[in-house]
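Undergrad: I have a structure I would like to understand better, so I am pasting it below and will then ask my questions one at a time.
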Amino acid sequence: MSFSQVFDPGVLALPLFDDAHRTLADEIGQWCADRAEAWANLDTTDPATTARALLAELGRSGWLRHLDPDQPDSDVRSLCLRRQALAYHEDLADFSYSIQELTAAAITRHGTDRQRRRHLPGLAAGTSAGALALSEPGAGSDLAAVVLEATPDGDGFVLNGTKTWIAQGDIADVCVVLARTGDGPGPLGLTAFLVDCGTPGFKAEPIGAIAPRSWAELTFTDVRVGSDAVLGERGQGLVVALDVLERARATVAAAAIGFARRGFRLALDHARTRKAYGGRLTDLQLVRSSLAGMDVKLSAASLLTARAAWAMDAGLDHAKHSSTAKLYATEAAGEIVDSAVQIFGAAGLVSGSATERLYRQIRSLRIYEGSSEVIEMTIADAL
Ligand SMILES: Cc1cc2nc3c(=O)[nH]c(=O)nc-3n(C[C@H](O)[C@H](O)[C@H](O)COP(=O)(O)OP(=O)(O)OC[C@H]3O[C@@H](n4cnc5c(N)ncnc54)[C@H](O)[C@@H]3O)c2cc1C
């Protein structure tokens, strides 16, 4: 694996990035490459255990250090570069990294100093796992429909209800939970809570997925939390959730680019070596057209993502840029990985092969943290 396979050097050379980003890309690319062989044989039959081990490895190696309240926070371009390299090499590593990041972002941006000091050092060390529990069986895209109830009780609240599709839900030590406190109508009646997953009444049930991931349904039965568990302001839970999701949107685009660059690289190598009609697949015009199309989409996705991350770091209005980057990069990545499978022919579908795994891994990016349709609505609203 060379640096130019994971990242586009032409995009990284743009003034949208500085030397610290180029050094970081080099370092995370090398760190992942050093583990590529071990990760290729990763046992994913028990994604929860594997995710725990990956989190610990990320923590030990310092890739989560910026989550610690005493360390400088990361900019969004750096988050994107890390996710791109992790996704290029191992889906579960990227997944764990991103969920740890999402949970910590909610605490960093909306927590009190006490909450930060209590939860962030463990998340930064990779010794504690976080989860962001927003979705429910009856509330996915429409988070204002959340019904999990937090009833005031003495000096605290009692939580009852169900969350579902929760990444790292089955391994989490701390969970950010969006709950209905009824302080106002609809979206104004929601509050975010920090819940210790060891609290009596909390139960996590793993959910199997198209690609192995630590993923769970969470049940809250009379889960008691103190008033110090409120994250942000009462009645402002949806603001906390949307702030964190919006900040993460460009990083999902970056992960999509990582998966897609891997698919492209596999397809290119295969086309260059696979013999056909007395030559190679790369001699065939339609195969060349497919490869060229993949390359163009990768360039466009990388540029859109760099623009979104740069705008966020510069403190500019970025909502439309982030949505555009996520929509384009995740849709394009699906098409690129599909084209890679096509170039491999039957070999691309062999269970456990890199292309077959990519094909399953890339699908969820068009659904989580804003489905493509919801993001199209956001872009249309901004026109
Ligand atoms: C791998 C993965 C990990 C996840 N991790 C988490 C997690 O950690 N925490 C968490 O809280 N949730 C998580 N989710 C859930 C995710 O956030 C939801 O799946 C997502 O918000 C969509 O909600 P839904 O699945 O209920 O679909 P629905 O909201 O029911 O949508 C169904 C379909 O309707 C479309 N639709 C919805 N609204 C509109 C609209 N306004 N206009 C047009 N079409 C629309 C959607 O695009 C979709 O195609 C995860 C999901 C996946 C796949």
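Undergrad: Return the sequence-ordered ³J(HN,Hα) values of region 91-101 in whole Hz as given by the Karplus equation 6.51 cos²θ - 1.76 cosθ + 1.60 applied to θ = phi - 60°, using x for Gly and Pro.
TA: Each residue of region 91-101 in turn: 3, 5, 5, 5, 4, 4, 4, 5, 6, 4, 5 Hz.
Undergrad: Stokes-Einstein diffusion coefficient for region 70-178 at 4 °C in a medium of 1.567 mPa s, Rh from the Kirkwood formula over Cα pairs: what value in µm²/s?
TA: For the chosen part, D equals 84 µm²/s.
Undergrad: To the nearest 10 square angstrom, what accessible area does residue 377 show with a 1.4 Å probe?
TA: Per-residue accessible area (residue 377): approximately 120 Å².
Undergrad: Calculate one ³J(HN,Hα) per residue across region 145-152 by plugging θ = phi - 60° into the Karplus curve 6.51 cos²θ - 1.76 cosθ + 1.60, and present them in order as whole Hz with x for glycine and proline.
TA: Karplus values, whole Hz, x for Gly and Pro: 8, 4, 10, 3, 9, 10, 9, x.
Undergrad: If you don't mind, there's one more thing I want to ask. Could you rank 37, 205 by how accessible they are, 1.4 Å probe, largest area first?
TA: Ranked from most to least accessible, the order is 37, 205.
Undergrad: I've got another one for you. Mind giving me the nanometre distance, one decimal, between the label points for residue 272 and residue 346, set 7 Å out from Cα along Cα→Cβ?
TA: Modelled inter-label distance: 2.7 nm.
Undergrad: Same structure, new question: So what's the gap between the Cα centers of region 193-236 and region 72-125, to the nearest angstrom?
TA: Centre-to-centre (Cα) distance: 18 Å.
Undergrad: Taking all protein chains in place and a 1.4 Å probe, what share, in percent, of the accessible surface of the chain do carbon and sulfur account for?
TA: Ligands and nucleic acids excluded, carbon and sulfur reach 53 percent.
Undergrad: Could you tell me the accessible area of residue 58 in Å² (1.4 Å probe, neighbours in place), rounded to the nearest ten?
TA: Counting only protein heavy atoms, the figure is 0 Å².
Undergrad: Suppose R0 equals 22 Å. What FRET efficiency, 1/(1 + (r/R0)^6) with r the Cβ-Cβ distance, do residue 142 and residue 381 give to the nearest 0.05?
TA: 0.90
Undergrad: Which value, in Å² and to the nearest 10, is the accessible area of residue 318 when all protein chains are kept and the probe is 1.4 Å?
TA: Around 40 Å² of this residue is reachable by solvent.
Undergrad: Which values, in whole Å and largest first, are the semi-axes of the equivalent ellipsoid of region 3-125 obtained as the square root of 5 times each eigenvalue of the Cα gyration tensor?
TA: 24, 21, 10
Undergrad: Please name whichever of 253, 279, 241 sits farthest to the positive end of the charge dipole of region 200-294, dipole taken about the Cα centre and charges placed at Cβ: Lys and Arg +1, Asp and Glu -1.
TA: Working it through, the farthest residue towards the positive pole turns out to be 279.
Undergrad: Oh, and also: Explain nothing, just the number: dipole magnitude of region 233-383 about its Cα centre with +1 on each Lys and Arg Cβ and -1 on each Asp and Glu Cβ, in debye rounded to the nearest 20.
TA: Approximately 760 debye in magnitude.
Undergrad: Normalised by the empirical 2.2 N^0.38 Å for globular proteins, what value does the Cα Rg of the chain take?
TA: Relative to the rule-of-thumb radius for its length, the chain sits at 1.00.
Undergrad: Another question about this same structure. Taking the radius of gyration and the Kirkwood hydrodynamic radius from Cα positions alone, what is the Rg/Rh ratio for region 130-238, to two decimal places?
TA: 0.95
Undergrad: Additional query: Express in nm, to one decimal, how much length is gained between residue 354 and residue 114 on full extension, taking 0.36 nm for each residue of separation and deducting their alpha carbon distance.
TA: Stretched out fully, the residue 354 to residue 114 stretch lengthens by 82.0 nm.
Undergrad: Per residue, what volume in Å³ does the Cα convex hull of region 245-381 take up?
TA: Measuring per residue, one finds 97 Å³ for the Cα hull of region 245-381.
Undergrad: Also: Taking 7 Å along the Cα-to-C-beta vector as the label spot, tell me the residue 314-residue 61 distance in nanometres, rounded to one decimal.
TA: It works out to 3.2 nm between the two label points.
Undergrad: While we're looking at this one, here's another question. At a Förster distance of 56 Å, what's the computed FRET efficiency of residue 289 paired with residue 71, Cβ-Cβ distance as r, to 0.05?
TA: Once rounded, the FRET efficiency stands at 0.75.
Undergrad: How big is the shadow of the Cα convex hull of region 328-383, averaged over all directions, in nm²?
TA: Average projection, Cα convex hull of region 328-383: 4.2 nm².
Undergrad: Moving to a separate point now. What number in nm² do you get for region 224-298 if you take the convex hull of its Cα atoms and divide its surface by four?
TA: Over every viewing direction, the Cα hull of region 224-298 projects on average to 8.3 nm².
Undergrad: Go through 320, 203 and list them by solvent-accessible area, largest first, probe radius 1.4 Å.
TA: 203, 320
Undergrad: For region 266-280, what does the Karplus curve 6.51 cos²θ - 1.76 cosθ + 1.60, with θ = phi - 60°, yield as ³J(HN,Hα) per residue in whole Hz, taken in order and with x for Gly and Pro?
TA: 4, 5, 5, 4, 5, 5, 6, 10, 6, 7, 7, 6, x, x, 10
Undergrad: For residue 233 and residue 3, FRET efficiency with R0 = 45 Å and r from the beta-carbon atoms, rounded to 0.05?
TA: 0.50
Undergrad: Something else about it: Suppose each label sits 7 Å from its Cα in the direction of the beta carbon; what would the residue 22-residue 43 distance come out to in nanometres?
TA: Using points 7 Å along Cα→Cβ, the separation is 4.3 nm.
Undergrad: Something else: Taking a probe of 1.4 Å, how large is the accessible area per residue of region 130-238, in Å²?
TA: Ligands and nucleic acids excluded, the result is 39 Å² per residue.
Undergrad: I've got another one for you. What ranking of 283, 317 comes out by heavy-atom accessible area, probe 1.4 Å, highest first?
TA: 317, 283
Undergrad: A follow-up question, please. Check which residues have an amide H placed less than 5 Å from residue 129's amide H, if you skip close sequence neighbours.
TA: Amide H neighbours of residue 129, under 5 Å, 5+ apart: 173, 174.
The values are calculated or read from the model by the stated rules, or taken from the named source; none is laboratory data. These numbers were taken from a predicted model, which means no experiment stands behind them. Counting neighbours? That spans all protein chains shown, and the Cβs are built from the backbone with ideal geometry, glycine included. These area figures cover heavy atoms from the full protein model, side chains too; ligands, DNA and RNA do not enter into them. Shrake-Rupley method; radii C 1.70, N 1.55, O 1.52, S 1.80 Å.
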